[in-house]
Amino acid sequence: MNYFDYRDGRLFAEEIPVSEIVQRIGTPVYIYSARTLRRHFRIIRQAFEGTDTLICYAMKALSNLSILKLFSDLGAGFDIVSAGELMRCLKAGADPEKIVFSGVGKTDHEIETALTADILMINVESRPELYRISEVARRLRRDARVSLRVNPDLDPGTHPHISTGHRDSKFGIPLSQVREYYAEARSLPNLVLAGLSTHIGSQITDTSPFVEAGRKVAGIVRDLRADGIALKYLDLGGGLGIPYQEEPSDPAKYASALLGPLRELGVKIIIEPGRVLVGNAGIMVTRVLYVKETDVKRFVVVDGAMNDLIRPVLYEAYHEIRPVEERGHSALETADVVGPVCESGDFFARERQLPPVEAGELLAIMSAGAYGFVMASNYNSRPRAPEIVVDGSRFHVVRERENFDDLVRGESIVSLREGPDA
């Protein structure tokens, strides 16, 4: 559920007509609903009620400072994948003791930053990383709390680009080597073996992969106890899907599936929801520039582009597209919704059934809160769109629209003289 709905034919974001926001801010623009964000977090929290669970928002899905502050105020921790994300969390007032650091390629600087901030733990993905963290911690004269990420070797049935739990993925330690890794880690200086982690993918709509992953990691925890290694945390990642077109399991069923094999382990559970919290809490609004007719196809050309929302071309992702102002019950027309970027991949929908539209009308691209703005770029020297948060009957600009000065900040013009090799 989200708080974008029609009233008398006008699309509202909570208590504000979307068209009124656009009139003041322009297009393209990202609009987030604070009420939806709060509701989604509370539903996840209720699903795990009565268990010792820490909810760490996977902030790579949407990392605006105001969104981080909202989740932090609700008691969330954070799953980060870079030093930049760590700095964002700290600036937003997050508790470092609720932050876990994931990712396969952490630099010495990132490890130092994490240890200096005294975050909860670092999820380790390889043997070289294990040794690197030990060395950095020794140099800083600190202990590093670590969790080894296990690759459970299962197929979650999602898009290959967001499937992380199969054996040929770059992520995690093979199941066959887990006990060996922990034994080796125990011998290294300045390491505290705090937990075990796994993450099998994103946009998962069936609970069975979570059951299988839970069963596998529960067995590992028991094996490690037999080896004399008692872990405090079990980080199970995220991955629960949202309804783009699919109908995913509800959070209560997800929690039941995930926790089923783990109830008797006596460890603290960490989950890392991202998309499920923010995906349907955001829309991107774009204006129709032209309706182009050819002898074979109709194109609706809009002012938003793949640099604003790359998911359709990157993941073959489906986003529902709605008119901001409904015009009655006209027959639907088949059209491609495309942007102005000079790429054939610059589209939001192909062969989509849409109400008739004209130049100047507004379209809302739904479910754009997750992996929307965070993956935006300046391709074709296009300024990135602003971000707006609606909270009841008020809205706030939480990121301004970029301008030309933003595009060239950090660049310089030098005179390049022709040399002998020219």
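The values are calculated or read from the model by the stated rules, or taken from the named source; none is laboratory data. Treat the numbers as computed from the prediction; the structure is a model and nothing was measured. Cβ: placed from backbone, ideal geometry, glycine included. Neighbour counts: every protein chain shown.
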Just to check your reading of the model, which residue among Val146, Val178 is among the aliphatic types (A, V, I, L, M), part of a helix (DSSP H, G or I) and at pLDDT 65 or above?
Val178
Does Asp206 count as buried (at least 19 other Cβ atoms within 10 Å of the Cβ), acidic (Asp, Glu) and out of contact with any helix residue (DSSP H, G or I) (no Cβ under 6 Å at 6 or more places or on another chain)?
no
How many of the residues in the range 110-134 are surrounded by fewer than 16 Cβ atoms within 10 Å (Cβ to Cβ) and modelled with pLDDT of 95 or more?
3
Of all residues making up the range 361-379, the number that are part of a helix (DSSP H, G or I) and not hydroxyl-bearing (Ser, Thr, Tyr)
3
Search the range 6-22 for residues that are free of Cβ contacts under 8 Å to residues at least 40 places away in the same chain and pair each with any residue that is of a type in the set (Lys, Arg) when their beta-carbon atoms are under 6 Å apart and the residues are at least 6 apart or on different chains.
Pro17/Arg10
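Every residue, every condition in (1) more than 18 Å from the chain's Cα centre (by Cα); (2) in contact (Cβ under 8 Å) with a residue 40 or more places away in the chain, yes or no:
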| site | (1), (2) |
| --- | --- |
| Thr53 | yes, yes |
| Tyr57 | no, yes |
| Asn64 | no, yes |
| Leu86 | no, no |
| Ile122 | yes, no |
Residues satisfying the stated conditions in the range 218-234, i.e. in contact (Cβ under 8 Å) with a residue 40 or more places away in the chain and among the small types (Gly, Ala, Ser):
Ala218
If you check Glu358, Glu402, Glu343, Glu351, which single one turns out to be in the same structural domain as Glu15 (by TED's automatic domain parsing) and part of a strand (DSSP E or B)?
Glu351
Looking at Gly219, Gly228, Gly201, can you tell me which residue is in the same structural domain as Leu175 (by TED's automatic domain parsing) and surrounded by 20 or more Cβ atoms within 10 Å (Cβ to Cβ)?
Gly201
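Conditions tested, residue by residue: (1) farther than 15 Å from Val278 by Cα; (2) of a type outside the set (A, V, I, L, M); (3) surrounded by 21 or more Cβ atoms within 10 Å (Cβ to Cβ).
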residue	(1), (2), (3)
Val29	yes, no, yes
Ser33	no, yes, yes
Leu37	no, no, yes
His40	no, yes, yes
Ala47	yes, no, yes
Tyr57	no, yes, yes
Leu62	no, no, yes
Leu68	no, no, yes
Ser72	no, yes, no
Just give me the residues in the range 266-311 being assigned to a loop (DSSP other than H, G, I, E, B), touching a Leu at 6+ places or on another chain (Cβ under 9 Å) and of a type in the set (A, V, I, L, M), in sequence order.
Val267, Met306
Of the residues in the range 74-109, those that are within 20 Å of Leu193 (Cβ to Cβ) and loosely packed, with under 15 Cβ neighbours inside 10 Å come to Glu97
Please determine whether any residue of the range 88-101 is under 16 Å from the mean Cα position of the chain (by Cα) and part of a helix (DSSP H, G or I).
yes
Note: among Gly360, Gly410, just one is touching a residue at least 40 places away in the same chain (Cβ under 8 Å) and exposed (fewer than 10 other Cβ atoms within 10 Å of the Cβ), namely Gly360
Could you grab me the full set of residues in the range 380-399 that are surrounded by fewer than 10 Cβ atoms within 10 Å (Cβ to Cβ) and in a helix (DSSP H, G or I)?
Ser381
Hits in the range 322-362 - residues which are touching a Ser or Thr at 6+ places or on another chain (Cβ under 9 Å) and more than 14 Å from Phe299 (Cα to Cα)
Val324, Glu325, Leu362
